[in-house]
Amino acid sequence: MGFSKTVVIGVCGGIAAYKALDVISDLKKKNININVIMTKNATKFVTPLTFQALSQNMVVTDMFAEPKAWEIQHISLAKKADLMLILPATANIIGKVANGIADDMLSTTIMATKAPVIFAPAMNTNMFANPIVKENINKLKQHGYNFVSPSSGRLACGDVGEGKLADTKLISAIVCSMLYDIKDMTEKRVLVTAGPTISPIDPVRYLSNKSTGKMGYAIAEEARDRGAKVTLISGPTSLEHPFGINVINVKTNEEMYNEVLKHFDSQDIVIKSAAVADYKVEQYSPKKIKKNNERLEIKLIKDNDILKKLGELKTKQILVGFAAESNDLIENAEAKLRNKNLDYIVANDITSSDTGFASDNNKVVILSKHGEIINLDKMPKKMVARELFNFINV
Ligand code: CTP
């Protein structure tokens with residue numbers, strides 16, 4: 001992703017220590033450099049070697065180990081960090097930092113850094129409810145430390161309640177949005193549509209398509225990371241609700257049409273990456289269709305072309321469409337750009353199996369109404385999203 005940022009992850013001694021591996025793996029995929037500091041107790045849960053292998057950096061566990069470089073390690077990591085993430089943050093580390101104690105590598109580095117620090121607490125529910133822990137957390141918040149609140153659920157000790165480490169995807173998203181230094185869309189309102197729509201046939205069956213929503217979600221997240229206020233209108237997908245985005249779930253073309261139109265006026269940029277069904281079943285059967293006949297004919301009728309409607313209604317909005325094509329990519333995309341009165345169109349060739357639908361990668365050509373064109377290499381969808389906003393040049 002072109003990041004050359006460093007996140008120092010402090011792993012403390014808790015059963016959720018292994019979950020730091022998921023976050024490291026997420027961040028590494030975005031080319032973020034990771035340095036891990038483990039407390040002594042953390043090494044009883046996961047070995048330093050595991051973190052070393054995944055972060056591809058030496059793991060620091062001991063403040064008085066022979067220095068690997070001339071710099072004093074806790075000072076050098078404190079300076080090197082663009083952000084520190086403490087995961088899992090135990091009651092112990094929270095208590096130590098809140099009370100100015102710096103007696104090991106992790107607490108010393110937290111104390112010495114000027115970078116933002118995020119604590120992701122995970123602990124027994126009674127510990128988390130303890131007023132001393134609450135007081136320490138409040139004190140740290142007042143001093144500008146950040147927290148990702150734990151969720152509720154069944155904890156490793158068998159208790160049920162608050163104290164479970166927040167979703168690691170949420171933690172990674174927060175880290176990325178805090179690390180991100182391009183905040184060029186803070187004044188913008190962005191509407192993104194994603195995923196497929198469905199046309200119900202009877203109470204159990206429907207017609208749909210292969211869209212997974214990944215491209216649209218990546219666009220919505222990119223806009224969020226750049227500071228925009230994002231509304232995501234999503235057809236049915238298995239993707240998690242992205243943090244910090246207003247997600248509106250819809251199923252049919254009509255529901256998407258209504259929601260998009262309801263929000264259109266207030267938007268600056270509208271990106272229609274959803275794979276909207278063009279046809280719907282003429283006669284929905286309220287009863288389940290029985291297999292009584294050898295042949296079954298279902299008549300389809302044309303449904304709304306949402307993007308075309310937006311092209312007619314648009315005033316100040318920058319309107320971006322997608323074109324999924326199996327042949328004559330550029331010609332078909334140019335025609336859609338003109339016919340639907342778009343400002344930009346993102347065209348992708350859906351015949352390639354390692355890009356497009358369901359893949360994490362995409363290979364697209366972006367065209368503007370002024371005849372500009374960029375031909376991007378195959379890259380992760382998040383990077384396509386970034387290139388798109390760079391091109392739109394908001
Ligand atoms: N789109 C839409 N409403 C539809 C169909 C498509 O808003 N009923 C939008 C899609 O979100 C996408 C763009 O139009 O941004 C192009 O979608 P695509 O399926 O490639 O094109 P169609 O216009 O449906 O044309 P065709 O299927 O004939 O290629």
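Before we move on, is Lys378 touching a residue at least 12 places away in the same chain (Cβ under 8 Å), assigned by TED's automatic domain parsing to the domain that holds Ala228, under 23 Å from Phe264 (Cα atoms) and more than 12 Å from the ligand (Cβ to nearest atom)?
No; evaluated as a whole, the condition is false for this residue.
State which residue pairs qualify: first residue surrounded by fewer than 14 Cβ atoms within 10 Å (Cβ to Cβ) and inside segment 325-345, second residue hydroxyl-bearing (Ser, Thr, Tyr) and modelled with pLDDT under 95 in any location, beta carbons under 9 Å apart, and separation of 6 or more residues or different chains.
If the second residue must be hydroxyl-bearing (Ser, Thr, Tyr) and modelled with pLDDT under 95, the pairs left are Ser326/Thr351; Asn327/Thr351.
Got at least one residue in segment 219-240 being over 18 Å from Ala385 (Cβ atoms) and surrounded by fewer than 15 Cβ atoms within 10 Å (Cβ to Cβ)?
The answer is yes; a qualifying residue exists.
State all residues of segment 249-274 that are within 11 Å of the ligand (Cβ to nearest atom) and touching a Leu at 6+ places or on another chain (Cβ under 8 Å); if no residue qualifies, say none.
The answer is Val260, Val270, Ile271, Lys272.
Hand me the list of strands (runs of 3 or more DSSP E) wholly inside segment 227-301 holding 1 or more residues that are of a type in the set (D, E, K, R) and more than 17 Å from the chain's Cα centre (by Cα).
Result: 269-272, 279-281.
Rundown of residues vs (1) among the hydroxyl-bearing types (Ser, Thr, Tyr); (2) within 19 Å of Pro116 (Cα to Cα); (3) crowded, with 24+ Cβ neighbours inside 10 Å, yes/no style:
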{"residue": "Val11", "(1), (2), (3)": "no, yes, yes"}
{"residue": "Gly14", "(1), (2), (3)": "no, no, yes"}
{"residue": "Ala17", "(1), (2), (3)": "no, no, yes"}
{"residue": "Ala20", "(1), (2), (3)": "no, yes, yes"}
{"residue": "Ile24", "(1), (2), (3)": "no, yes, yes"}
{"residue": "Met38", "(1), (2), (3)": "no, yes, yes"}
{"residue": "Phe45", "(1), (2), (3)": "no, no, no"}
{"residue": "Thr50", "(1), (2), (3)": "yes, no, no"}
{"residue": "Ser55", "(1), (2), (3)": "yes, no, no"}
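How many residues are part of a loop (DSSP other than H, G, I, E, B) and near the ligand (Cβ under 9 Å from one of its atoms) if we restrict to segment 303-325?
Result for segment 303-325: 3.
Looking at segment 239-264, I want the residues that are touching a residue at least 60 places away in the same chain (Cβ under 8 Å) and have a partner that is of a type in the set (A, V, I, L, M, F, W, C) and loosely packed, with under 15 Cβ neighbours inside 10 Å with Cβ atoms under 9 Å, at least 6 apart or on another chain. Which pairs are those?
The qualifying pairs are Phe264/Leu313.
Let's see how each residue does on (1) at pLDDT 90 or above; (2) not assigned by TED's automatic domain parsing to the domain that holds Lys316:
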| residue | (1), (2) |
| --- | --- |
| Tyr145 | yes, yes |
| Glu162 | no, yes |
| Ser172 | no, yes |
| Gly216 | yes, no |
| Glu222 | yes, no |
| Ala228 | yes, no |
| Leu239 | yes, no |
| Ile248 | yes, no |
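Looking at Leu342, Leu367, which one is assigned by TED's automatic domain parsing to the domain that holds Thr252, within 14 Å of the ligand (Cβ to nearest atom), at pLDDT 95 or above and not in a loop (DSSP other than H, G, I, E, B)?
So the residue among Leu342, Leu367 that is assigned by TED's automatic domain parsing to the domain that holds Thr252, within 14 Å of the ligand (Cβ to nearest atom), at pLDDT 95 or above and not in a loop (DSSP other than H, G, I, E, B) is Leu367.
If you go through segment 159-182 one residue at a time, do you hit one that is more than 27 Å from Pro88 (Cβ to Cβ) and more than 16 Å from the ligand (Cβ to nearest atom)?
Scanning segment 159-182, I find at least one residue that is more than 27 Å from Pro88 (Cβ to Cβ) and more than 16 Å from the ligand (Cβ to nearest atom), so the answer is yes.
Does segment 254-276 contain at least one residue that is surrounded by fewer than 23 Cβ atoms within 10 Å (Cβ to Cβ), under 23 Å from Lys340 (Cβ atoms) and among the hydroxyl-bearing types (Ser, Thr, Tyr)?
Scanning segment 254-276, I find at least one residue that is surrounded by fewer than 23 Cβ atoms within 10 Å (Cβ to Cβ), under 23 Å from Lys340 (Cβ atoms) and among the hydroxyl-bearing types (Ser, Thr, Tyr), so the answer is yes.
Pairs, please: C-beta under 9 Å, at least 6 apart or cross-chain, first residue farther than 17 Å from Glu240 by Cα and free of Cβ contacts under 8 Å to residues at least 24 places away in the same chain and in segment 192-206, second crowded, with 20+ Cβ neighbours inside 10 Å and of a type outside the set (S, T, N, Q)?
Tyr206/Ile198
Just give me the residues in segment 178-204 being touching a helix residue (DSSP H, G or I) at 6+ places or on another chain (Cβ under 7 Å) and closer than 12 Å to Ser273 by Cα, in sequence order.
Leu191, Val192, Thr193, Ala194, Gly195, Thr197
The values are calculated or read from the model by the stated rules, or taken from the named source; none is laboratory data. Everything numeric here is computed off the predicted structure, so don't read it as measured data. So basically every Cβ, Gly included, is an ideal-geometry build from the backbone, and we count neighbours across all protein chains shown.
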